[in-house]
Amino acid sequence: MRLIIGISGGSGAIYALGLLQTLKLLGIETHLVMTKMGEDVVKYECGLDKNDLREFAKEIYSYDDLYAPIASGTFKTEGMVIIPCSMKTLAAVANGYSDNLLSRSADVVLKERRKLVVVPRETPLSIIHLKNMLELSRAGAVIMPAAPGFYTHPQCISDIVAIMTGKILDAFDIDHDLIERWGEKGKVGER
Ligand SMILES: Cc1cc2nc3c(=O)[nH]c(=O)nc-3n(C[C@H](O)[C@H](O)[C@H](O)COP(=O)(O)O)c2cc1C
């Protein structure tokens, strides 16, 4: 299995790191592209640069490398996750404005009818943000806001990251044991 991971300049870079780490543990091949602001926010929020991420991805491409394999539909993948997805990248993908490798790769995933999971990050949301999400959902993307449930009683940030990672893996039908599934251990209050 082969997935494209796109990191844009929204807050919540830790979600992307958690996903990349888990995909590596599961032996899933990842192709990573970060926008310029994506790289900046990874550095600002997590203290990591591009080189630190090399161990987690099979390939890392430059955001302006429109010759990269993932820019073409002939390069087969199971799909792509944009995590976190800034409102700017959301607007670009929703409108087919492919001026960097991240937005071009997402455009390719949509045109090839592969799975696109978008993890938007902004609050509150304007009507423009909401319209762009609706447009992407209509185009077949899965809109998965970074809004994890708390009914499993997460104790720390890594628990919260694991919930989001688990939800994304579920969208691709990838087996994992990151989340407690409702009904498996009894409902809240029965513990
Ligand atoms: C620390 C930091 C956090 C940010 N968080 C968000 C965010 O959560 N959502 C968002 O839409 N933009 C956020 N931004 C602004 C985007 O980075 C900015 O709009 C940028 O142009 C997005 O470019 P990109 O989509 O090419 O990565 C943040 C910027 C900084 C510096």
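Being touching a residue at least 60 places away in the same chain (Cβ under 8 Å) and either within 11 Å of the ligand (Cβ to nearest atom) or surrounded by fewer than 17 Cβ atoms within 10 Å (Cβ to Cβ) (or both) is the filter here, so list the residues in the range 107-136 that pass it.
Taking the range 107-136 as the starting set, the residues that turn out to be touching a residue at least 60 places away in the same chain (Cβ under 8 Å) are 109, 119-122.
Within the range 107-136, V119, P120, R121, E122 qualify.
Name the residues in the range 42-97 that are among the aromatic types (F, W, Y), more than 16 Å from the ligand (Cβ to nearest atom) and touching a strand residue (DSSP E or B) at 6+ places or on another chain (Cβ under 8 Å), would you?
F56 - this is the single residue of the range 42-97 that is among the aromatic types (F, W, Y), more than 16 Å from the ligand (Cβ to nearest atom) and touching a strand residue (DSSP E or B) at 6+ places or on another chain (Cβ under 8 Å).
Restricting to the range 1-19, name every residue that is away from the ligand (no atom under 16 Å from the Cβ) and either crowded, with 21+ Cβ neighbours inside 10 Å or among the β-branched types (V, I, T) (or both).
Scanning the range 1-19 gives L3, G18, L19.
Can you tell me which of A162, A147 is small (G, A, S), within 16 Å of the ligand (Cβ to nearest atom) and over 22 Å from I60 (Cβ atoms)?
That would be A147, the only listed residue that is small (G, A, S), within 16 Å of the ligand (Cβ to nearest atom) and over 22 Å from I60 (Cβ atoms).
Listed residues G149, G166; which is assigned to a loop (DSSP other than H, G, I, E, B) and not charged (D, E, K, R)?
Working: G166 fails: assigned to a loop (DSSP other than H, G, I, E, B).
Selected residue: G149, the only one of G149, G166 that is assigned to a loop (DSSP other than H, G, I, E, B) and not charged (D, E, K, R).
Out of A139, A91, which single residue is surrounded by fewer than 19 Cβ atoms within 10 Å (Cβ to Cβ) and in contact with a His (Cβ under 9 Å, 6 or more places away or on another chain)?
A91
Filter the range 1-53 down to residues that are assigned to a strand (DSSP E or B) and not β-branched (V, I, T), then give me how many there are.
7
Just so you know, all these numbers are worked out from the coordinates, no wet-lab data involved. Note that the structure is a prediction, hence the values are computed from the model and not measured. As a convention, Cβ positions derive from the backbone with ideal geometry for all residues, glycine included, and neighbour counts pool all protein chains shown.
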